[in-house]
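This report concerns only the one structure given below.
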Amino acid sequence: MATISAVVLAAGASTRMGTQKLLLPVGGEPLVRRTVRQVCDAGFDDVLVVVGSDWENMLAALDGLSIRHAMNAEHASGMGSSFRTAVSHLAGSRAAMFALADQPFVTENEYRTVLDTYRHQAPAIVSVRYGDVMAPPHLFESEFFPELAQLQHGARSLLQKYHDRTTVLHFGADLLMDIDTPEDYELAKSRLSV
């Protein structure tokens, strides 16, 4: 049985935040650890974290979790470079789910739903909608890895191109919140402290 991997993209420099947002505490632990821990708990065979900016502190925040990491030296060029980095470390994976490290309200349950959908229905792609918005995580079979490695930004173009081979999951719109600015961070903290 070939490996089903999960990839957490955590290489960005958080320019809009003004500090490395993934190291900020959310719910009592660094944001990056919260996300990666939820992915680890979802049952994937393999969890790969793509790091770049501030990678030493990032790996320290992930200490003790059952992961491997890949270094994206070109993280400043955008998300496409993280897809390329990830794909180069996925030899032997039958499929991979790509998640963002800054979505604190997507939990183990949602990641497991993506994995279970792939295991039971075997679609080529599993994508997620939050209300009307398509956003990660998305899972792709390995045949798409070469195209993922060509991306400049996110995977939207691939999802549109192969929509007829995609199973779409619908998650609550309230889960779709990524943390990009200080205001986002304060809002996320207030939601988690309720």
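The values are calculated or read from the model by the stated rules, or taken from the named source; none is laboratory data. Owing to the predicted nature of the structure, the values given are computational and were not obtained by experimental measurement. Positions of Cβ are backbone-derived with ideal geometry, glycine not excepted, and every protein chain shown enters the neighbour counts. Remember, those area values only see protein heavy atoms, side chains included, never the ligands or the DNA or RNA. Shrake-Rupley method; radii C 1.70, N 1.55, O 1.52, S 1.80 Å.
Taking a spot 7 Å from the Cα of N57 along the direction of its beta carbon, which residues of the range 161-194 have an amide N less than 19 Å from it?
It comes to 179-186, 189, nothing else.
At a Förster radius of 22 Å, what calculated FRET efficiency corresponds to the Cβ-Cβ distance of D164 and T113, to the nearest 0.05? Intermediate results must be reported in sequence, preceding the final value.
Numbers: r = 22 Å, r/R0 = 0.98.
In this case the efficiency is close to 0.55.
Which whole-angstrom value gives the distance between the alpha carbon centres of the range 116-161 and the range 4-31?
21 Å
What is the local net charge at R156, summed over the other residues whose Cβ is closer than 13 Å to its Cβ (Lys, Arg +1; Asp, Glu -1)? Kindly include the intermediate steps, with their values, before the conclusion.
Working: positive: R129, K161; negative: E147.
My count for the surroundings of R156 gives +1.
Could you work out how much longer the chain between A73 and E183 gets when fully extended? Use 0.36 nm per residue separation minus the Cα distance between them, nm to one decimal.
Numbers: separation 110, 0.36 × 110 = 39.60 nm, distance 2.88 nm.
Residue separation times 0.36 nm, minus the Cα-Cα distance, leaves 36.7 nm.
If you stretched the chain out fully between Q121 and R16, how much longer would it get, using 0.36 nm times the residue separation minus the C-alpha to C-alpha distance? Let's see the in-between values first.
Details: separation 105, 0.36 × 105 = 37.80 nm, distance 3.91 nm.
The Q121-R16 span can extend by a further 33.9 nm.
Quick one: how many Å² of M71 are accessible to a 1.4 Å probe, rounded to 10?
About 80 Å², ignoring ligands and nucleic acids.
What angle, in degrees between 0 and 90 and rounded to the nearest 10, separates the Cα long axis of helix 108-121 from the longest principal axis of the Cα atoms of the chain?
So the inclination is approximately 0 degrees.
Can you tell which of D46, D132, D54 shows the greatest fluctuation in a Gaussian network model of the chain with Cα springs below 10 Å?
D132
Viscosity 0.692 mPa s, temperature 37 °C: what is the translational diffusion coefficient of the chain from Stokes-Einstein with a Kirkwood Rh over Cα pairs, rounded to a whole number of µm²/s? Display every interim value, and only then the final one.
Values: Rh = 16.6 Å.
Estimated diffusion coefficient is 198 µm²/s.
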